[in-house]
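The values are calculated or read from the model by the stated rules, or taken from the named source; none is laboratory data. This structure is a prediction, so every number in the text was calculated from the model and none was measured. Cβ sites come from the backbone with ideal geometry, for glycine too, and all protein chains shown count toward neighbours.
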Amino acid sequence: MSKVDVSISKAGTVDFDKIREDFPVLSQQVNGHPLVYLDNGASSQMPAQVADRLDYYHRFEHSNVHRGIHTLSQQATDEYELTRKKIQAFINARHSEEIIYTTGTTDSINLVANSFGSLHFKEGDEIILSQMEHHANIVPWQMIAERTGAIIKVIPVDDRGDLDMEAYKNLLADKTKMVAIIHVSNALGTVNPAKEITDLAHESGAAVLIDGAQSAPHQVIDVQDIDCDFFTFSAHKMCGPTGFGILYGKKEILDEMPPYRGGGDMIDKVSFEETTYNVTPFKFEAGTPPIAAGIGLGSAVDYLNSIGMDEISRREHELVAYGVERLKRVDGLRFIGESENRASVISFVFDEIHASDMGTLLDKRGIAVRTGHHCAQPILRRFNVPATTRASLSFYNSKEDIDRLVDGIEYVKSFFE
Ligand code: PLP
């Protein structure tokens with residue numbers, strides 16, 4: 001057994017039917033029906049190439065990183081550190097030191113809120129969030145605001161699910177220290193104008209964090225072009241393993257920030273009198289990390305690159321457009337989120353059918369969707385709904401998956417007529 005090379009023949013256009021074969025999970029039956037997996041926003045599936053890479057690591061390469069003088073430890077360190085370079089290229093960061101390993105988007109945002117926040121926020125300072133944030137980009141800011149006396153301001157969202165950019169401009173002030181915004185909404189599918197948001201914040205002297213949990217898996221990301229100060233995402237939403245994620249930060253800002261967690265690996269020298277810290281990025285990475293998951297993310301990025309993020313984005317836009325077109329003909333279905341700029345997510349409700357009934361009955365037909373508040377309660381409250389049904393797509397989905405969803409919805413409706 002050897003490490004698996006990812007190579008997909010492109011021949012002009014990508015053969016997505018063939019790519020689907022890379023995902024063994026998709027070929028199984030669930031509740032007596034072929035699985036239709038439309039819960040990619042929660043977690044995407046893993047191609048065999050990435051699963052094999054993890055398997056190879058566990059069988060032949062496992063050792064702790066950054067510590068051992070022996071060959072296996074050095075090999076594990078090299079493979080693990082290679083992911084940093086791959087992510088640097090994937091999001092076009094200037095330096096590999098700007099890539100910090102975390103356990104996921106939630107952890108990345110907590111790191112920034114705690115470290116940047118404790119350094120820069122004081123009583124009366126303002127943090128701008130939007131009404132469509134995931135709880136991961138709300139609660140850490142509330143916690144640091146409580147500790148520092150900072151105040152949270154919220155950008156409203158209009159009826160289509162777009163940010164009110166005029167309101168945003170009016171919220172920006174000298175006191176604004178941080179603007180933290182979701183790139184693609186996991187509840188609505190709205191793609192927010194990250195670059196414009198960043199430019200405006202910078203004109204006011206505020207730093208910007210973009211929550212890219214739902215954008216990095218679906219489109220080309222260029223952090224230098226966006227010019228954001230921080231960008232976050234999770235491996236498990238982009239064909240990689242759970243328990244691993246990325247915080248990108250501009251080096252000069254990270255260098256100033258204090259460590260967030262203490263322990264092994266993040267230190268330079270330790271004594272009871274004084275401890276000094278390692279350099280960026282290692283000062284933020286205490287303890288033994290999820291090594292396999294880090295190598296797995298590198299493999300996932302190779303896999304995505306072998307298809308091409310532009311191809312992935314094009315394919316998913318086509319699927320979303322097809323899905324919207326088919327679903328809007330379903331009697332009684334109301335979309336929650338109808339932005340012109342949307343990606344990968346279709347959220348909807350029926351007045352007469354609770355989302356959890358919809359999800360449960362769809363599951364009986366082998367169709368996996370997410371129902372509930374999607375960890376975004378404020379935006380659901382904004383639309384006066386307690387829950388939606390969310391179909392979230394990936395490039396390995398097909399038009400047939402959407403047809404099955406529509407048939408499934410008609411089947412569910414028949415119980416309520
Ligand atoms: N932000 C967004 C937009 C998300 O969709 C999610 C997960 O659904 C998160 C943050 C949290 O990601 P994780 O649970 O991987 O930390």
For ASP229: the one exception among (1) under 19 Å from the mean Cα position of the chain (by Cα); (2) crowded, with 19+ Cβ neighbours inside 10 Å; (3) within 16 Å of the ligand (Cβ to nearest atom): (3)
Those residues of the range 103-153 which are among the β-branched types (Val, Ile, Thr) and within 16 Å of the ligand (Cβ to nearest atom), in sequence order: THR103, THR105, THR106, ILE109, VAL112, ILE138, VAL139
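Do you know which residues across the range 13-42 are touching a helix residue (DSSP H, G or I) at 6+ places or on another chain (Cβ under 7 Å), within 19 Å of VAL369 (Cβ to Cβ) and surrounded by 14 or more Cβ atoms within 10 Å (Cβ to Cβ)?
Listed by number, the residues that qualify are ARG20, LEU26, LEU35, VAL36, TYR37, LEU38.
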Unmet criterion (only one of (1) in the same structural domain as ASN31 (by TED's automatic domain parsing); (2) closer than 19 Å to GLN45 by Cβ) for GLN377: (2)
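For every residue, the table says whether it meets (1) under 16 Å from PRO217 (Cα atoms); (2) outside any helix (DSSP H, G or I).
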residue	(1), (2)
GLY298	yes, no
VAL301	yes, no
HIS317	yes, no
GLU325	no, no
ARG329	no, yes
SER347	no, yes
Any hit, the range 154-175, residues being within 11 Å of the ligand (Cβ to nearest atom) and buried (at least 21 other Cβ atoms within 10 Å of the Cβ): no
Qualifying residues in the range 32-56 (those that are among the aliphatic types (A, V, I, L, M) and under 24 Å from ALA292 (Cβ atoms)) - the one nearest to the ligand (Cβ to nearest atom): ALA42
Residue ID - farthest from GLY245 (Cα to Cα), chosen from residues in the range 91-119 that are part of a helix (DSSP H, G or I) and polar (S, T, N, Q): SER118
Positions within the range 63-113 being in contact with a helix residue (DSSP H, G or I) (Cβ under 7 Å, 6 or more places away or on another chain) and among the charged types (D, E, K, R), in sequence order: ARG67, GLU79, ARG84, LYS85, LYS86, ARG94, GLU97, GLU98
Residue in the range 106-118 that is farther than 22 Å from GLU252 by Cα and acidic (Asp, Glu) present: no
Among residues of the range 57-90, those that are in a loop (DSSP other than H, G, I, E, B) and either within 16 Å of the ligand (Cβ to nearest atom) or closer than 14 Å to GLY294 by Cα (or both), counted: 5
